[in-house]
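Asks: Here it is: the structure, laid out below.
The values are calculated or read from the model by the stated rules, or taken from the named source; none is laboratory data. A quick note: this is a predicted structure, and the numbers were derived from the prediction, not measured. Cβ coordinates were reconstructed from backbone atoms using ideal geometry, including for glycine residues, and neighbour counts include every protein chain displayed.
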Amino acid sequence: MNITMLGTGLIGRFYTQTIQRGRSADKVTTVYSRTQASADRFAKEYGATLATTDMTAAIADPRTQLVVVGLPNHLHEEAVLAAAKAGKGVLCTKPLGRTAAEAYRMLQAVEKAGVFAGYLEDLVYTPKTLKALQSVSAGALGTVLWARSRETHPGPHSDWFFDKQLSGGGAIIDMGSHCIEIARNFIGKHIRPVEVMCWGDTQVHPIDAEDHAVGMVRYENGAMGQFECSWSFRGGMDLRDEVSGTEGTIWLNHWLRTGFEMFTATGQNGYVAEKAEGDKGWLFPVGDEEASLGYPTMFDDMFAAYDAKKAPMETFYDGYVVNAIMDAAYASMQTKRWEAVQLADWRGASDVPHVSVRRDYDADYHLIKEELMPDGSTKVIVRHKQTGALEQRVQR
């Protein structure tokens, strides 16, 4: 497959390295950058045969089958609409838009044009996450009650991230977009997000947007998604997820403390891992960064879906829902109250029953808890089905 890559920054490099790794037949043949020098340098490094500062020309290249958008947030809509107009399939990095309204226009454009579209949310494609999702789907955790996702680091690598007009926000739009979609996958993307409570503030950086935020997303069935994101965390990049269900728990650590730790007094005079703050002392290198971040499995899914003419795991509609949740989070930051998630187009389930798991102890009692005590006895706490009275029993 011939691909046009829009963007030559960090994300464009990660994407291109992933697409062309190994003996892949997929190639980035056309590259667009906002400066010719960057486009030429990128093309030479990765073997692209057309390098241009003309986005329309890059998209319209007759060899191109699929357009990949790896641009700053404020250019996503322009790029996606141009791809749809040209009749080209398009993959867009997260967040889809700066707002839900912007994301919805992109969704409508690709659907009206009838072109393939995929939302490049890599962190739901990490090997650990996909394995965990299989376990949840198989019932290992019972009913998911709570999903917490955390991404923190010392701050982004490019200046435009810190410009609220260009990016659309701060740490929430940058990293909260990952965390929100991870929780949606574990809770169930068919379950509607209802409302959001969010705290966010600018604690460290002299910018207009938030550099630290914590939010809760309540879903229609009573499940809770929690996101934590910060540009104020020191020590590298921390990517962790926790999922709690009625029958089990999953903990995931994707970046720090993953089994590769190294101490060096002299340093290694080079790159260690994304967002690492130095190359001396205790370091946490990552064996395969692209795989650990989910890029290979993400593009495998996207390309397979393209060939099969079906929807990928992550669609533009998913990107739109994430943007709507983030809109509610930003509203909650201002009002200090729960804010409704405004979805003009809901395509999931309706009237989802509230999470309710009751275990019978016997014909008259529900079981609340059973616990083995230090003295070898078993303590059982039950509640009478009719009266609601609580009772504690000790079995020896």
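Asks: Out of (1) at pLDDT below 95; (2) surrounded by 21 or more Cβ atoms within 10 Å (Cβ to Cβ); (3) farther than 20 Å from I11 by Cβ, the odd one out for N269 is which?
Replies: If we test N269 against (1) at pLDDT below 95; (2) surrounded by 21 or more Cβ atoms within 10 Å (Cβ to Cβ); (3) farther than 20 Å from I11 by Cβ, just (2) comes out false.
Asks: Restricting to region 184-227, count the residues that are within 20 Å of L166 (Cα to Cα), in contact (Cβ under 8 Å) with a residue 40 or more places away in the chain and in a loop (DSSP other than H, G, I, E, B).
Replies: Number satisfying all stated conditions: 6.
Asks: Hey, another quick one. Give the residue that is farthest from Y361 (Cα to Cα), with candidates limited to residues of region 373-396 that are of a type in the set (V, I, T) and surrounded by 12 or more Cβ atoms within 10 Å (Cβ to Cβ).
Replies: The qualifying residue farthest from Y361 (Cα to Cα) is T378.
Asks: Could you give me the residue pairs with C-beta distances under 9 Å whose first residue belongs to region 250-268 and is charged (D, E, K, R), whose second residue is not in a strand (DSSP E or B) wherever it lies, and which are 6+ apart or on separate chains?
Replies: If the second residue must be not in a strand (DSSP E or B), the pairs left are R257/F284; E261/F284; E261/P285.
Asks: Further question on the same structure: Search region 18-42 for residues being hydrophobic (A, V, I, L, M, F, W, C) and either farther than 16 Å from I59 by Cβ or outside the structural domain of G7 (by TED's automatic domain parsing) (or both), and hand back the single one that is surrounded by the fewest Cβ atoms within 10 Å (Cβ to Cβ).
Replies: Of everything passing the filter in region 18-42, A25 is surrounded by the fewest Cβ atoms within 10 Å (Cβ to Cβ).
Asks: Of all residues in region 228-250, how many are assigned to a strand (DSSP E or B), surrounded by 21 or more Cβ atoms within 10 Å (Cβ to Cβ) and either at pLDDT below 95 or out of contact with any Leu (no Cβ under 6 Å at 6 or more places or on another chain) (or both)?
Replies: Summing the residues that are assigned to a strand (DSSP E or B), surrounded by 21 or more Cβ atoms within 10 Å (Cβ to Cβ) and either at pLDDT below 95 or out of contact with any Leu (no Cβ under 6 Å at 6 or more places or on another chain) (or both) in region 228-250 gives 5.
Asks: Exactly one condition in (1) outside any strand (DSSP E or B); (2) out of contact with any Pro (no Cβ under 6 Å at 6 or more places or on another chain) is not met by T18; state its number.
Replies: In the conditions (1) outside any strand (DSSP E or B); (2) out of contact with any Pro (no Cβ under 6 Å at 6 or more places or on another chain), T18 misses (2) alone.
Asks: Kindly evaluate A58 against the criterion of being in a helix (DSSP H, G or I) and either outside the structural domain of K275 (by TED's automatic domain parsing) or out of contact with any Lys or Arg (no Cβ under 6 Å at 6 or more places or on another chain) (or both).
Replies: It is true that A58 is in a helix (DSSP H, G or I) and either outside the structural domain of K275 (by TED's automatic domain parsing) or out of contact with any Lys or Arg (no Cβ under 6 Å at 6 or more places or on another chain) (or both).
Asks: Which of the residues that make up region 151-183 are of a type outside the set (G, A, S), touching a helix residue (DSSP H, G or I) at 6+ places or on another chain (Cβ under 7 Å) and modelled with pLDDT of 95 or more?
Replies: E151, L166, I172, I173, D174, H178, I180, E181, I182, listed by residue number.
Asks: Okay, moving on. So, in region 43-75, of the ones that are among the hydroxyl-bearing types (S, T, Y) and within 17 Å of Q20 (Cβ to Cβ), which residue ends up surrounded by the fewest Cβ atoms within 10 Å (Cβ to Cβ)?
Replies: T49
Asks: Here are some residues: M302, M326, M313. Which one is within 21 Å of the chain's Cα centre (by Cα), over 19 Å from H190 (Cα atoms) and at pLDDT 95 or above?
Replies: It is M302.
Asks: Still on this model: Mind counting the residues in region 155-182 that are out of contact with any strand residue (DSSP E or B) (no Cβ under 8 Å at 6 or more places or on another chain), within 21 Å of L123 (Cα to Cα) and either surrounded by fewer than 18 Cβ atoms within 10 Å (Cβ to Cβ) or not β-branched (V, I, T) (or both)?
Replies: 10
Asks: Out of (1) surrounded by fewer than 24 Cβ atoms within 10 Å (Cβ to Cβ); (2) in contact (Cβ under 8 Å) with a residue 24 or more places away in the chain, what's the single condition that is false for T8?
Replies: Among (1) surrounded by fewer than 24 Cβ atoms within 10 Å (Cβ to Cβ); (2) in contact (Cβ under 8 Å) with a residue 24 or more places away in the chain, the lone unmet condition for T8 is (1).
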